[in-house]
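Just below is one structure, and these are the notes that go with it.
The values are calculated or read from the model by the stated rules, or taken from the named source; none is laboratory data. Just so it is clear, the structure is predicted and the values come from calculations on it, not from any experiment. Cβ atoms come from the backbone with ideal geometry, glycine included; neighbour counts cover every protein chain shown.
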Amino acid sequence: MSREILFRAKKVDGGEWLEGYIVKKHGLYFLYDIKNSGTCRQNNYLVEKDTICQYTGLIDKNRKKIFEGDILRGFQYPFCYDGYYNYYAEVIFANCSFMTYTHKNPLSSVRGISDGNTELMECWVGEDWEVIGNIYDNSELLEVVYEKE
């Protein structure tokens, strides 16, 4: 089975997200956007190194591509239970595999025993997941919110 090798990153100029292929030249990272052009050479952009994310080869319930660094909402236990979203999943790359890392929803009242769990994405069912953001633009989804007493 083959999969599409694709990356996503933010442009240095303007912060727009682009998809394409990454090339490192003279210590800088460029993304070649072939989506909007017939040739790589026409659309290459300097990108922020820390925002480079690889495509997992998987899609969510809305047919949206899932990249490393995406934050997912799950529709199965323990992510969703009795209509409440208790956990989010962050897509990570570890041990040569794409995995989900579980974060407790800061607004959930569950104890959080699944917080920090990791699972391989090898038995993926896209209909059970939805991309709701990423760790760069939506980090507040993963932050613990403390209320003053």
Is at least one residue of the stretch 21-30 of a type in the set (Lys, Arg), at pLDDT 85 or above and closer than 28 Å to TRP124 by Cβ?
no
The number of residues in the stretch 43-76 that are in contact (Cβ under 8 Å) with a residue 60 or more places away in the chain, surrounded by 18 or more Cβ atoms within 10 Å (Cβ to Cβ) and either acidic (Asp, Glu) or in contact with a helix residue (DSSP H, G or I) (Cβ under 6 Å, 6 or more places away or on another chain) (or both) is 3
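I need the full set of residues from the stretch 73-89 which are outside any loop (DSSP other than H, G, I, E, B) and either in contact with a Lys or Arg (Cβ under 9 Å, 6 or more places away or on another chain) or modelled with pLDDT of 95 or more (or both), in order please. Walk me through it before giving the result.
The first filter runs over the stretch 73-89 and keeps only residues outside any loop (DSSP other than H, G, I, E, B), leaving 73-74, 80-81, 84-85, 87-89.
Residues satisfying the conditions are CYS80, TYR85, TYR87, TYR88, ALA89.
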With the first residue restricted to the stretch 77-96 and required to be exposed (fewer than 12 other Cβ atoms within 10 Å of the Cβ), and the second required to be part of a loop (DSSP other than H, G, I, E, B), Cβ contacts under 9 Å at 6 or more apart or on different chains are TYR77/ASN86
